[in-house]
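Comments concern the structure below.
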Amino acid sequence: MNPTRVLVVDDEERILEILKLYLNTQGFKVYTAASGQDALHVLEQIEIDVIISDLMMPNIDGTQLCKIVKNEERYKNPYFIMLTAKTNIDSKIEGLKIGADDYITKPFNVNEVIARVIAGARIKTLQNTILEKNLELQRYKSNMEKEIYLASRFQKSLIPRKGRVTNEIFIDYIYIPAIQIGGDIFDIRRQPDGNVSFFIADVTGHGIVAALIAAILKLSFVQASTQFKSPYDIAHKINKDLLDTTTDEQFVSIFIGVIDMKKRELRYIRAGHPEQFLKTGDRVIELAGDGFLIGITDNLLIKEERIALIPTDTIFLYTDGITEAQNEKGELFGIERLKNLLEKRNDLNAVLKEIRFFTSNFQDDITLVKIQLNQSVF
């Protein structure tokens, strides 16, 4: 460990010699300066830990030296002990105000000076340690922010593009993760038989783990939609993949639908997810159904439901980040309020504006998806 570097500043050579002699015997590395100007020259060359400076000196006195040293980052904030023949309280207060860390009154006791320097060196070491830890934390924070930014970009790449999915289907959505990356995920795609499958899911928790599981869900859905025709079979495959790749602490609520283009019907399952909506004309119908969360057991406790579609229908999907958002009074936005809002509004930006009018305090991911059927083809 390097010895503590001490700079003694005094225009009396006798005091410089005495303090250097005694401080050297304690293992300190001692430098001396006969004026404030000389002290600044030393500080330009060497990083000093503790300064003992006389108050009364020509040109740059102790107060001015202290102010310069404490206000310029390049001097690394050394522990500053003021040495003065002045004993009045106002003088000490003034010195402390401009940054002095300690005061020693002349004539001084050498043992007291040594004790004060030892204490100052200890404080300076602690300050350096805290500074190093803060720099480490800043580097860690910066690296984490970069990683989260990249993860956020990756997660957004998993979300389908807005607009035409097929000639028959259009999609629009609002997707706002609570902390850049989140546990909400959805997708829509054409199946090999010409039908269109879609899903929306909400993973427990937020952050990186939830985002990783959301990515697994997306991949599993893509594979299952190619292999299976029914929502139940797609859900079964996703559930198996979750059980194979995640721990007991993670589970998922999910809604999976398949639009049968020939039969003009929607087949769907709801597994622990809120009732989604079908808007037909000006009426909004809740897509209810029984089903337990997936990712918990291989016994899939869900039931497939069916509902007829007409060419102008709209399917709305959402996660509970919207319905569980609270206003200042602690009131939930709720399913009924969302349902009533969707009866009046079709534009998602207008819907989001109304939600934000109710509250801006979102504690969870916000996802609202609109699947519009194309009446000219369907």
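Only the coordinates and a few stated rules stand behind these numbers; no lab work does. Note that the structure is predicted; figures quoted are calculated from it, not measured. Neighbour counts are summed over all protein chains in view; Cβ atoms, including those assigned to glycine, are modelled from backbone coordinates with ideal geometry.
Based on what the data block shows, is SER152 in contact with a Pro (Cβ under 9 Å, 6 or more places away or on another chain) and either assigned to a helix (DSSP H, G or I) or at positive phi (or both)? Yes: the conditions hold for SER152. Residues in region 305-314 include at least one that is more than 28 Å from the chain's Cα centre (by Cα), in contact (Cβ under 8 Å) with a residue 60 or more places away in the chain and buried (at least 18 other Cβ atoms within 10 Å of the Cβ). Evaluation of GLU331 against the conditions (1) under 29 Å from ARG164 (Cβ atoms); (2) free of Cβ contacts under 8 Å to residues at least 12 places away in the same chain shows that the sole unmet condition is (1).
I'm trying to understand the selection: among the residues of region 321-378, which are of a type in the set (Phe, Trp, Tyr) and under 23 Å from the mean Cα position of the chain (by Cα)?
PHE362
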